[in-house]
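K.L.:
The structure under discussion is supplied below as structure tokens; questions concerning it will follow.
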Amino acid sequence: MRRSPVLQSAPNKRFSARTAVLLIDNLPRMYCRRLLKRGRAASSSTFVSEPFVDVRVTMGMKPLTTARILLGAFLIGGVFGFASVCFAQTSMPPAVSVRLVTDEAVAVLAILAKRKANQPITETDWQRVFSSEGYVRLKQRELSLKRSFEDNDFKTFVLSDQLAERAQALEETLTRWSNADITGAARLALAYLPKEARIRAKIYPVIKPRENSFVFEVKTDPAIFLYLDPAVSKEKFENTLAHELHHIGYGSSCPSKQVSEEIAKLQPRKRMVLTLVGAFGEGFAMLAAAGGPDIHPHAVSRPEERTRWDKDMANFNDDLKKVESFFVSILENRLTDDEIQKTASSFFGVQGPWYTVGWKMSVLIEKTYGRAKLIECICDQRKLLPTYNEAAAKHNRISSEPLALWSASMVNGIGRGKH
């Protein structure tokens with residue numbers, strides 16, 4: 001999955017390229033899920049969606065550039081499509097433009113169908129796979145990460161007994177996802193973004209060996225690669241799509257040029273913390289995908305996912321303080337690059353503090369000051385923590401269940417931005 005757009009905003013942060021790469025590598029996997037659009041066999045379908053962020057930058061890039069793009073990459077992450085040529089069932093908002101490209105999945109399923117029917121698989125069949133847009137870009141992405149990705153190895157995967165056993169489930173999943181409300185997902189994302197936000201992307205549902213989803217080439221030709229997962233329902237697919245589209249829309253509009261320039265003038269450690277504050281964008285996207293602060297973020301998830309979320313939310317106060325301790329350690333220059341990377345990655349987890357604490361803060365700010373104020377805070381991460389503190393202080397005066405506050409010294413240490 002790509003980074004939270006706020007992370008993408010980090011100005012010229014000076015930390016090692018290795019740290020940036022490690023951070024980014026761990027971001028995308030949590031956000032991507034699956035989506036799909038209806039179709040048979042063709043080559044691409046037109047929809048309305050948004051850009052995913054490039055999951056990785058070459059090690060030769062400047063550390064801050066690498067961090068910005070890599071961190072941005074984890075935000076985006078999940079949507080699938082089946083038919084080679086499909087079209088949105090309803091008109092998309094003018095701010096959204098998504099192209100669903102399912103040629104790789106369709107070509108692989110065609111080979112699986114031939115194998116089941118004991119028909120010969122020809123070189124032409126394999127060329128449909130290897131020349132498909134989805135496969136070509138998937139291979140480009142893997143090679144950019146210095147990973148082995150050979151056509152012969154992929155053939156072995158496609159012809160494996162394990163994949164053959166899942167062929168019917170994969171095809172049914174594509175068909176099920178084909179009925180997803182892509183327009184509705186886009187509208188959910190746009191409702192929690194500035195009016196100037198735009199969502200643009202190609203979405204690739206892919207059948208591949210690695211069970212991960214991610215974004216690629218977010219700055220040039222935004223792509224969202226989603227592992228085709230039969231365990232994901234249509235409703236969950238729509239929820240995940242809204243989440244990822246929100247990340248993409250955020251990246252198109254936040255932060256403003258002025259905010260970026262102001263943050264760029266801060267000390268390196270302060271910029272680092274503000275970059276990491278952007279990871280709370282995961283919780284913000286959870287709120288957007290749900291459709292509002294009164295809707296459970298896992299309303300359409302499996303029971304075990306909802307139970308895990310509720311259990312983790314019970315640790316909100318402790319988790320907030322854990323993140324605060326992490327931020328303070330960075331500000332006081334007590335952590336190495338490796339330690340920063342390890343700790344930041346641990347807060348992603350399945351849906352760790354970047355999600356839970358980010359969601360709770362976002363919900364409280366919206367309920368206290370309105371959605372416009374929340375969007376303002378997300379587009380200028382300097383405002384997020386102090387605004388949450390103000391809302392939490394009001395909450396604590398009338399509630400028997402007080403919420404933890406960020407320490408004033410830490411908030412002042414990274415700057416509050418202009419109100």
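The values are calculated or read from the model by the stated rules, or taken from the named source; none is laboratory data. The shown structure was predicted, so the numbers you read here are calculated from the model rather than taken from an experiment. Cβ atoms come from the backbone with ideal geometry, glycine included; neighbour counts cover every protein chain shown.
K.L.:
With respect to ALA314, is the statement that it is small (Gly, Ala, Ser) and crowded, with 16+ Cβ neighbours inside 10 Å true?
P.N.:
Spelling it out, it is not the case that ALA314 is small (Gly, Ala, Ser) and crowded, with 16+ Cβ neighbours inside 10 Å.
K.L.:
Would you mind finding the one in ASP319, ASP337 that is modelled with pLDDT under 95, surrounded by 15 or more Cβ atoms within 10 Å (Cβ to Cβ), out of contact with any strand residue (DSSP E or B) (no Cβ under 8 Å at 6 or more places or on another chain) and not β-branched (Val, Ile, Thr)? I'd like the intermediate steps shown before the answer.
P.N.:
Values: ASP319 fails: modelled with pLDDT under 95.
It is ASP337.
K.L.:
Being among the hydrophobic types (A, V, I, L, M, F, W, C) and over 16 Å from ARG271 (Cα atoms) is the filter; apply it to segment 340-356 and report the residue that is surrounded by the most Cβ atoms within 10 Å (Cβ to Cβ).
P.N.:
Restricting attention to segment 340-356, the residues satisfying the condition of being among the hydrophobic types (A, V, I, L, M, F, W, C) are 340, 344, 347-348, 350, 354.
From what's left, over 16 Å from ARG271 (Cα atoms): 347-348, 350, 354.
Details: PHE347: 22, PHE348: 22, VAL350: 11, TRP354: 29.
Among residues in segment 340-356 that are among the hydrophobic types (A, V, I, L, M, F, W, C) and over 16 Å from ARG271 (Cα atoms), the one surrounded by the most Cβ atoms within 10 Å (Cβ to Cβ) is TRP354.
K.L.:
Considering ILE295, ILE263, which residue is free of Cβ contacts under 8 Å to residues at least 40 places away in the same chain and not hydroxyl-bearing (Ser, Thr, Tyr)? Break it down into steps so the answer makes sense when it comes.
P.N.:
Details: ILE263 fails: free of Cβ contacts under 8 Å to residues at least 40 places away in the same chain.
Just a single option satisfies the conditions, and that option is ILE295.
K.L.:
So PHE327 clears everything in (1) buried (at least 17 other Cβ atoms within 10 Å of the Cβ); (2) touching a Lys or Arg at 6+ places or on another chain (Cβ under 9 Å) except one condition, right? Which one?
P.N.:
Among (1) buried (at least 17 other Cβ atoms within 10 Å of the Cβ); (2) touching a Lys or Arg at 6+ places or on another chain (Cβ under 9 Å), the lone unmet condition for PHE327 is (2).
Yes or no, residue by residue, for (1) assigned to a loop (DSSP other than H, G, I, E, B); (2) touching a Gly at 6+ places or on another chain (Cβ under 6 Å):
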residue	(1), (2)
ASP153	no, no
GLU211	yes, no
PRO230	yes, no
GLU244	no, yes
MET272	no, no
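Rundown of residues vs (1) under 20 Å from LYS383 (Cα atoms); (2) charged (D, E, K, R), yes/no style:
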{"position": "ALA279", "(1), (2)": "yes, no"}
{"position": "MET286", "(1), (2)": "yes, no"}
{"position": "PRO293", "(1), (2)": "yes, no"}
{"position": "ALA314", "(1), (2)": "no, no"}
{"position": "GLN351", "(1), (2)": "no, no"}
{"position": "LEU364", "(1), (2)": "yes, no"}
{"position": "LYS367", "(1), (2)": "yes, yes"}
{"position": "GLY370", "(1), (2)": "yes, no"}
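K.L.:
Looking only at segment 281-294, decide whether some residue is among the hydrophobic types (A, V, I, L, M, F, W, C), buried (at least 24 other Cβ atoms within 10 Å of the Cβ) and modelled with pLDDT under 90.
P.N.:
No, every residue in segment 281-294 fails to be among the hydrophobic types (A, V, I, L, M, F, W, C), buried (at least 24 other Cβ atoms within 10 Å of the Cβ) and modelled with pLDDT under 90.
K.L.:
Kindly list the number of the only condition in (1) over 26 Å from LYS311 (Cα atoms); (2) outside any helix (DSSP H, G or I) that fails for TRP406.
P.N.:
Condition not satisfied by TRP406: (1).
K.L.:
Pairs under 7 Å by beta carbon, first residue within 18 Å of GLY370 (Cα to Cα) in segment 170-198, partner in a loop (DSSP other than H, G, I, E, B) and not acidic (Asp, Glu), six or more apart or different chains?
P.N.:
That search, which allows pairs on different chains as well, returns LEU188/GLY291; LEU190/PRO93; LEU190/ALA95; LEU190/ALA197; PRO194/CYS254.
K.L.:
Still on this structure, I have one more. Keeping to segment 306-325, report how many residues are in contact with a helix residue (DSSP H, G or I) (Cβ under 9 Å, 6 or more places away or on another chain) and in a helix (DSSP H, G or I). Step through it out loud before you land on a result.
P.N.:
Filtering segment 306-325 down to residues in contact with a helix residue (DSSP H, G or I) (Cβ under 9 Å, 6 or more places away or on another chain) leaves 309, 312-313, 315-316, 319-320, 322-324.
Adding the requirement that they be in a helix (DSSP H, G or I) leaves 309, 312-313, 316, 319-320, 322-324.
Here the count works out to 9.
K.L.:
Consider only pairs whose beta carbons are under 9 Å apart and that are at least six residues apart or on different chains; among these, list those whose first residue lies in segment 301-316 and is more than 24 Å from LEU403 (Cα to Cα) and touching a residue at least 24 places away in the same chain (Cβ under 8 Å) and whose second residue is surrounded by 15 or more Cβ atoms within 10 Å (Cβ to Cβ) and of a type in the set (Phe, Trp, Tyr).
P.N.:
Note: pairs meeting the criteria are SER301/TRP309.
K.L.:
Could I ask something else about it? Select from segment 155-184 the residues that are assigned to a helix (DSSP H, G or I) and at pLDDT below 90 and write down the one among them that is farthest from THR124 (Cα to Cα). Explain how you work it out, then say what you get.
P.N.:
Of segment 155-184, the ones assigned to a helix (DSSP H, G or I) are 155-158, 161-177, 182-184.
Applying the additional criterion that residues be at pLDDT below 90 yields 174-177, 182-184.
On the way: LEU174: 23, THR175: 25, ARG176: 28, TRP177: 28, ILE182: 33, THR183: 36, GLY184: 38 Å.
The selected residue is GLY184.
K.L.:
Tell me yes or no: at least one residue of segment 326-339 is under 20 Å from the mean Cα position of the chain (by Cα) and among the aliphatic types (A, V, I, L, M).
P.N.:
Going through segment 326-339, the residues under 20 Å from the mean Cα position of the chain (by Cα) turn out to be none.
No, segment 326-339 has no match at all.
K.L.:
Here are some conditions: (1) basic (Lys, Arg); (2) surrounded by 17 or more Cβ atoms within 10 Å (Cβ to Cβ); (3) touching a Ser or Thr at 6+ places or on another chain (Cβ under 9 Å). LYS394 meets all but one. Which one does it not meet?
P.N.:
Of the numbered conditions (1) basic (Lys, Arg); (2) surrounded by 17 or more Cβ atoms within 10 Å (Cβ to Cβ); (3) touching a Ser or Thr at 6+ places or on another chain (Cβ under 9 Å), the odd one out for LYS394 is (2).
K.L.:
Keeping to segment 288-319, report how many residues are in contact with an Asp or Glu (Cβ under 6 Å, 6 or more places away or on another chain) and of a type in the set (Asp, Glu).
P.N.:
Initially, segment 288-319 is screened for residues in contact with an Asp or Glu (Cβ under 6 Å, 6 or more places away or on another chain), giving 293, 298, 300.
Keeping just the survivors that are of a type in the set (Asp, Glu) gives none.
Result for segment 288-319: 0.
K.L.:
Inspect segment 352-375 for any residue being without any contact (Cβ under 8 Å) to a residue 60 or more places away in the chain, touching a Gly at 6+ places or on another chain (Cβ under 8 Å) and more than 21 Å from ALA242 (Cβ to Cβ) and give the result as yes or no.
P.N.:
Of segment 352-375, the ones without any contact (Cβ under 8 Å) to a residue 60 or more places away in the chain are 352-353, 364-365, 368-370, 372-373.
Next, only the ones that are touching a Gly at 6+ places or on another chain (Cβ under 8 Å) stay: none.
Within segment 352-375 (the criterion being without any contact (Cβ under 8 Å) to a residue 60 or more places away in the chain, touching a Gly at 6+ places or on another chain (Cβ under 8 Å) and more than 21 Å from ALA242 (Cβ to Cβ)), the answer is no, since none of the residues qualifies.
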